[in-house]
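S.K.: Starting off with a structure, shown below.
The values are calculated or read from the model by the stated rules, or taken from the named source; none is laboratory data. All values derive from a computational prediction rather than experimental measurement. Every residue, glycine among them, receives a Cβ derived from its backbone with ideal geometry; neighbour counts consider all protein chains shown.
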């Protein structure tokens with residue numbers, strides 16, 4: 001088996017967490033190094049710290065995939081005797097690339113917030129807490145000879161076309177007759193130069209998310225037997241899918257806020273969690289959001305949640321929530337480390353058939369300690 005290239009690894013990752021669903025101006029994508037190389041080993045980390053860089057060097061890692069940006073604020077210099085400069089220099093010296101998947105991974109199906117909700121045992125059909133991106137649909141129409149109808153149809157579906165709600169492989173197919181006359185310079189699959197041809201063809205109509213249009217068109221061209229493929233792309237008003245950060249779901253039963261706080265501590269291996277609200281109050285509908293979720297309290301209230309589990313709640317935000325009678329559990333920003341195993345497991349499956357190894361960072365990057 002051969003190693004996957006960096007470009008291949010990221011193409012597979014972006015099937016899980018497409019860049020276009022990230023929040024505006026988010027620091028995502030390749031931040032250091034190159035993807036134009038073979039990747040023997042990928043390391044999945046929450047942060048890229050000195051400890052993670054040392055781990056990557058020791059383990060022979062070629063690519064770090066992290067959740068939090070290694071370059072968040074604009075750089076004023078690259079002095080190698082500063083902490084940040086030393087970190088960048090070490091990674092560059094050892095040819096270790098760094099790729100960031102942040103709010104696109106938060107919003108992704110199977111991403112950070114789904115993993116958090118799953119860990120908490122939320123059920124009842126999870127809702128998105130805050131929609132950040134709604135995908136538009138396009139209508140893709142392709143004309144294909146009947147002999148290659150199924151081949152082209154299968155290629156369209158494999159490229160992401162044909163999804164309507166909970167249904168896949170959706171299309172409409174109309175048989176008809178096509179006419180064409182090859183020129184002297186053509187190399188036709190059917191017919192000969194200067195002769196009008198009449199061919200039994202099928203018009204295939206399906207829908208495809210706007211972000212996958214080019215991918216679907218390329219799949220059609222590859223599967224189609226003709227030298228020149230006839231296809232149309234139409235704008236339509238339908239929306240394909242909404243993506244967002246945070247999730248809202250139900251606990252298996254009503255419990256007290258204090259019990260939920262204990263459950264949060266146990267699930268995420270915390271020494272402590274900060275709680276806003278009476279510990280005896282009953283809760284069942286839970287909103288969860290990895291990272292700093294204070295500004296989404298209003299969304300959680302509008303969603304009918306009894307409590308928001310998140311991180312980095314400041315004093316005045318906590319006071320506002322308390323005044324509104326809304327409960328909070330501040331579990332800390334670091335609970336997002338759940339993404340390490342989730343992304344690593346996904347990538348291991350996505351890269352099956354290659355020699356590329358995927359590992360989970362064991363370095364502790366949480367800057368806080370409970371004393």
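S.K.: List pairs: first residue in segment 207-228 and in the same structural domain as residue 153 (by TED's automatic domain parsing), second residue assigned to a helix (DSSP H, G or I) and modelled with pLDDT under 95 anywhere in the structure, Cβ distance under 6 angstrom, at least six positions apart or on different chains.
M.R.: 211/20
S.K.: Could you tell me which residue of segment 204-247 is surrounded by the most Cβ atoms within 10 Å (Cβ to Cβ), considering only residues that are closer than 11 Å to residue 140 by Cβ and in contact with a helix residue (DSSP H, G or I) (Cβ under 7 Å, 6 or more places away or on another chain)?
M.R.: By that ranking, first place goes to 216.
S.K.: Scanning segment 72-109 for residues that are closer than 28 Å to residue 244 by Cα and modelled with pLDDT under 95, which turns out nearest to the chain's Cα centre (by Cα)?
M.R.: 109
S.K.: Name the single residue that is surrounded by the fewest Cβ atoms within 10 Å (Cβ to Cβ) among those in segment 143-168 being in contact with a strand residue (DSSP E or B) (Cβ under 7 Å, 6 or more places away or on another chain) and part of a helix (DSSP H, G or I).
M.R.: 146
S.K.: Follow-up question, since we're still on this one. Do you know which of the residues in segment 169-195 that are at pLDDT 95 or above and assigned to a loop (DSSP other than H, G, I, E, B) is farthest from residue 237 (Cα to Cα)?
M.R.: In this case the residue turns out to be 169.
S.K.: Collect the residues in segment 94-142 that are assigned to a loop (DSSP other than H, G, I, E, B) and surrounded by fewer than 19 Cβ atoms within 10 Å (Cβ to Cβ), keeping them in residue-number order.
M.R.: We begin by selecting, within segment 94-142, every residue assigned to a loop (DSSP other than H, G, I, E, B); these are 94-96, 101-102, 108-111, 121-122.
Selection gives 94, 95, 109, 110, 121.
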